[in-house]
Amino acid sequence: MKPIRIMDSQFQLLGEVDTYSSLQWVRRWHKPGEFELHINPAMQNADKLLEDTIIFMASRPDEAAIIKHREVRVNETGTEELVVKGSMLAGLMGRRITYPPVGKAYDYIHAPVETIMKHYVRVNSIAPADPARVIPNLIHAPDLSRGPKVPYQTRYKQLDEELEKLSLSSGLGWHVWLDTERQRYVFDALAGRDLTVNQDVRPPAIFSTDYDNIESQSYVSSAVGFKNMAVVAGEGEGADQKIVMVGKQAGLKRYETFMDAQDIGSQEEGTEQLTEAQMEEMLRSRGNEKLAELGRVESFESTLLTTSNLVYRRDYDLGDIVTVVNRSWGVRLDARITKVAEVYEPDGFRLDATFGNSLPTLFEKMKQMIGR
């Protein structure tokens, strides 16, 4: 079993547990991951597993999670167990919403996606106008200006959800690392590697039952909820309303949706009026963002063999784009690894991965509908 260390919010080590019945350590690319730990409450240091304490594996101290839920129950064998759940440190971003600058209706920025992400994290949790909003010991890594340059504006939205939207539309991931040496939490944007068979820069990562690196898998291809053409409506009424069309499909291949974007004003308060081209770019960017959320679902859910020709975290990792093949189903997919669940149990270690975008949950569908 992987030893798990426990630390408080002041970076003081509280103890370690190395005997537990189950640990699920779920890493995600576009949003915070989560964990679930099952342990006998009588085990040494189990009493240290309290809300808002931080846990991490001794072998990977930079990747940490924060406890948000604990319960004691009797399991199917009739013995008591403590169940502890929480999110990766990236979940800290969910504690803030996006405030507009003083005197302005929106926080508007036109920059590469990484710059936008780090700007919103900085002004809402690292160096906000209100000191009470500071998340102690949080910094962000240097800005490398990765991702496409887009216009973006926000006003009183959940910070983690804004980061997720930017991630989905750009392909960049994001995370909060634990720096125990300097006693800091470090927000950063992430860029995965292209490991598909179509490139020759790096050794490709090909997942297939033919290569004995997949134990089992399921495949989903779904157009339920899919849209590829957005009618984005900006300011104005009736025939005077500004309309932008995003997408170019026609006939039966055209799936339309309407998006009300009247919150995008023709003038950012305190600045010069936006030009017609700038206004159109903002509306187009909002439409592309929505279509990224409503994209076609195509994914493989796979249980990977942990002893194979590909080594996890070295030959492939979360966020990398790889090639997945199932010859008997006639499917080949170049897709990003968007989720990895590491499962540690007394009888061994299991690795479950999602290649591509999985079907949205009911809660995610509701959020998409509200956001239209």
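We did not get these values from a lab; they are worked out from the coordinates using the rules stated. This is a predicted model, so every value here is computed, not measured. With ideal geometry, Cβ positions are generated from the backbone for all residues, glycine too; neighbour counts draw on all protein chains shown.
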Problem set entry | With 5 Å bins from 0: P(r) over region 125-176, alpha-carbon pairs, percent | 4, 14, 21, 28, 21, 9, 2
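Looking at the square roots a ≥ b ≥ c of the eigenvalues of the Cα gyration tensor of region 96-190, which shape do they give, rounded for a/c under 1.5, prolate if a/b is larger than b/c, or oblate? Please list the in-between numbers first.
Numbers: a/c = 1.95, a/b = 1.11, b/c = 1.76.
Oblate, since a/c reaches 1.5 and b/c is not below a/b.
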For this session: Find which of Leu283, Ile55, Met1 sits farthest along the positive direction of the dipole of the chain, computed with +1 on the beta-carbon of Lys and Arg, -1 on that of Asp and Glu, about the Cα centre.
Result: Leu283
Seminar exercise, completed: Packing-ranked peptide list from 145-154, 37-46, highest mean Cβ count within 10 angstrom first, is 145-154, 37-46
Exercise. Picking from Val176, Tyr156, His110, whose Cα lies most toward the positive end of the charge dipole for the chain (charges on Cβ: Lys, Arg +1; Asp, Glu -1)?
Worked result: His110
For this session: Identify which of Tyr99, Tyr185, Tyr211 has the largest mean-square fluctuation in a Gaussian network model of the chain, with springs joining Cα atoms closer than 10 Å.
Result: Tyr211
Seminar exercise, completed: Taking every alpha carbon pair in the chain and sorting the distances into 20 angstrom bins from 0 up to the bin holding the longest one, the percent per bin comes out as 25, 54, 20, 1
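Order 293-305, 252-264 from most to least packed using the mean count of other Cβ atoms within 10 Å. Write out the running numbers ahead of the final one.
Numbers: 293-305: 18.4, 252-264: 14.5.
Sorting 293-305, 252-264 by mean packing, highest first, produces 293-305, 252-264.
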Seminar exercise, completed: By the mean-Cβ-within-10 Å protection proxy, highest first, 348-356, 10-18 rank as 348-356, 10-18
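Given +1 on the Cβ of Lys and Arg, -1 on the Cβ of Asp and Glu, and no further charges, what dipole in debye does region 96-190 carry about its Cα centre, rounded to the nearest 20? Please list the in-between numbers first.
On the way: 12 positive and 11 negative charges, 51 e Å.
Once rounded to the nearest 20, the dipole reads 240 debye.
222 nm [θ] for the chain, helices only, -39500 (n - 2.57) per DSSP H run of 4+, per residue, to 500? Kindly include the intermediate steps, with their values, before the conclusion.
Working: 4 runs with 49 residues, N = 372.
The per-residue figure over the chain is -4000 deg cm²/dmol.
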Seminar exercise, completed: Distance in Å, no decimals, from the C-alpha centre of region 11-68 to the one of region 167-228 is 23
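Dipole of the chain, Cα-centred, from +1 at each Lys and Arg C-beta and -1 at each Asp and Glu C-beta, to the nearest 20 debye? Numbers along the way, then the final one.
Working: 45 positive and 55 negative charges, 110 e Å.
Around 520 debye, computed over the chain.
How large, in Å, is region 1-145 by the Kirkwood hydrodynamic radius built from its alpha-carbon pairs?
Details: mean 1/r = 0.0580 Å⁻¹.
Kirkwood hydrodynamic radius for region 1-145: 17.2 Å.
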For this session: Return an integer: the convex hull volume of the alpha-carbon atoms of region 4-89, in Å³ per residue.
Result: 91
For this session: Grab the Cα-Cα distance for Arg254 and Val134, subtract it from 0.36 nm times how many residues apart they are, and report the gain in nm with one decimal.
Result: 38.6 nm
